[in-house]
Amino acid sequence: MTAGLGFLTALLILAQALLIARLLAPVLAPAPLTEDGLHWWGRLIPEGTRTLATGLAALAAVVLARTAIAWLQERLAHRAGVRVVARLREMVVAHVASRGPRWDTGGRTAQAATLVTRGLDDLLPYFVRYLPQLALALTVTPVMIVVVLGLDWLSAVIVVATLPLVPVFMILVGLVTQERSERHLAAMQRLGARTLDLIEGLPTLKALGRERGPASRVRELGDAQRRATMGSLRVAFLSGMVLELLTTLAVAIVAVTMGFRLVAGGIGIETALAVLVLAPEVYLPLRNVGMHFHASADGLAAADAAFALLDEADAAPSRATLGPAPDPRGLPLTVTGLSVATPAGTRLAPAALSFTASPGTITALRGPNGDGKSTALLALTGLLTPDAGAVSVDGTAVLSADAAVDEPSWLAHVAWVPQRPDLGPAGRTLSLGQRQRTALARAFESGRAVVLLDEPTSHLDRASRAEVIAGMRALADGGATVVVATHEAEVLAAADAVVDVTAARLEATA
């Protein structure tokens, strides 16, 4: 639709230029006109339009038609651009959500959040401005060259000779624009990630009286984004100025040549007027393509980042379904040879983890940071696919690297409290310790047969730790299977069994 409207625009521009030549030629000619200066193009615009009333009416109709088509073209391009950006945003969000809980390494979730909001919003000018202008460049420019060639071959030669300079300068400016746009996107993602982390941890910082500590760092990131933004704007303005100067000089060459030929009598006034009006229209679409491309470069950089994210391999291969999960209440939970590769793919953490957690007991997972205690709990929930090993309930397989029971049916029996529980918008006003106590209370009251706790006392004071340990013991005494990852000596002392979690180099294990 955009290309079709662009072709109609090209025809209207041609009609407008010829009408202007018809109207001005009788006024500027030193003698009455005796021949048709538009040659065989004059069949499109009859000589009767030289009269003021007829010519102005036709010109007004052409201008109104161009205005209506331009409005319709921009409206359609804007609606299509909004749909495409929304669809791309949905794809990125769905892909990130499918990556699993271990995907968020190095603040990638915050970067993705910045990408799908501020980043992809900058892609709209690409659809609203650049693509319609590209359609005009593919239609208007060839049509105008053919018309100028039919009017005056020498002017057509000048236009064709100077026209390639426009894309050459577009490429030169574009090389600078691409680097600036990538730098701008990176600065925006850094600021977004830092701001989101600050918002998440602000209640804790407020409780510790350190809420003003990160202000200088956020200010530095904001200044970096401001500099990157101003750099992108400078390049966009520079590209517009360079292309404007280039096309102005090219049209000036045509005009000067035409002036000398008019003085020498080598060309008619009507022909010269038509060529002079049409010459800028030959360069205008290409000039606008370059200008709008550079203005939308930030959005294109964001689109490239989105496509790179979508091209990433799935976090976990598909697994066969083992059917509904068995009820683990009153049955032992057995982990055999559980191994999970780190996101970097260099280590197994945990490596060959095996233990049995019996109902009515507390099983503690002990080990250094990074050796896979939290990962083991994620694997037990079924939210993370292990690379080797299996989990079973009284000999019945629950999950492994190749197969798993129906996830909702298994999660219906499991309560899991991570290190940093997310309670939704209501939890944003609570400190990390308050969120942890709230999440633990929900888990203790859930009545689930399997309770998985990840460092449940790490952000609590001594009294609160004692309450949590008492709650864990009450759960176990009530017949629940409690598995806890911890460093705390008090929790280890209260456990009925302690399992050491170790990691290993992937090459050595292989």
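For the condition exposed (fewer than 14 other Cβ atoms within 10 Å of the Cβ), in the same structural domain as Pro359 (by TED's automatic domain parsing), more than 35 Å from the chain's Cα centre (by Cα) and under 20 Å from Leu378 (Cα atoms), what is the one hit in Arg442, Arg448, Arg462?
Arg442 is the lone residue from the list that is exposed (fewer than 14 other Cβ atoms within 10 Å of the Cβ), in the same structural domain as Pro359 (by TED's automatic domain parsing), more than 35 Å from the chain's Cα centre (by Cα) and under 20 Å from Leu378 (Cα atoms).
Tell me whether segment 371-391 contains one or more residues that are surrounded by fewer than 16 Cβ atoms within 10 Å (Cβ to Cβ) and touching a residue at least 60 places away in the same chain (Cβ under 8 Å).
No, every residue in segment 371-391 fails to be surrounded by fewer than 16 Cβ atoms within 10 Å (Cβ to Cβ) and touching a residue at least 60 places away in the same chain (Cβ under 8 Å).
Are there any pairs, at least 6 apart or on different chains, whose C-beta atoms fall under 9 Å, with the first in segment 476-500 and in the same structural domain as Val450 (by TED's automatic domain parsing) and surrounded by 21 or more Cβ atoms within 10 Å (Cβ to Cβ) and the second of a type in the set (S, T, N, Q) and outside any loop (DSSP other than H, G, I, E, B), and if so, which?
Note: pairs meeting the criteria are Thr481/Thr363; Val482/Thr363; Val483/Thr363; Val484/Thr363; Ala485/Ser374; Ala495/Thr363; Val499/Ser354; Val499/Thr363.
Here's the yes/no breakdown for (1) among the aliphatic types (A, V, I, L, M); (2) touching a strand residue (DSSP E or B) at 6+ places or on another chain (Cβ under 6 Å):
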site: Gly427; (1), (2): no, no
site: Leu432; (1), (2): yes, no
site: Ala449; (1), (2): yes, no
site: Ile469; (1), (2): yes, no
site: Asp500; (1), (2): no, yes
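Just need a number here: residues in segment 47-81 that are outside any helix (DSSP H, G or I) and either of a type in the set (Asp, Glu) or in contact with a helix residue (DSSP H, G or I) (Cβ under 7 Å, 6 or more places away or on another chain) (or both).
Here is the first cut: in segment 47-81, the residues outside any helix (DSSP H, G or I) are 51.
Remaining after also requiring either of a type in the set (Asp, Glu) or in contact with a helix residue (DSSP H, G or I) (Cβ under 7 Å, 6 or more places away or on another chain) (or both): none.
Number of matching residues: 0.
Determine whether Thr361 is among the polar types (S, T, N, Q), assigned by TED's automatic domain parsing to the domain that holds Val499 and modelled with pLDDT under 85.
Here the answer is no, as Thr361 does not meet what is asked.
For segment 349-379, name all the residues that are in contact with a strand residue (DSSP E or B) (Cβ under 7 Å, 6 or more places away or on another chain), part of a loop (DSSP other than H, G, I, E, B) and of a type outside the set (Gly, Ala, Ser).
Those that are in contact with a strand residue (DSSP E or B) (Cβ under 7 Å, 6 or more places away or on another chain), part of a loop (DSSP other than H, G, I, E, B) and of a type outside the set (Gly, Ala, Ser): Pro350, Pro359, Thr361.
Kindly indicate the residue of segment 400-422 that is without any contact (Cβ under 8 Å) to a residue 60 or more places away in the chain and of a type in the set (A, V, I, L, M) and also nearest to Val484 (Cα to Cα) among those meeting that condition.
Among those residues, the one meeting the criterion is Val417.
The values are calculated or read from the model by the stated rules, or taken from the named source; none is laboratory data. From a predicted model like this one, the values you see are computed outputs, not experimental measurements. Virtual Cβ from ideal backbone geometry, glycine too; neighbours counted across all protein chains shown.
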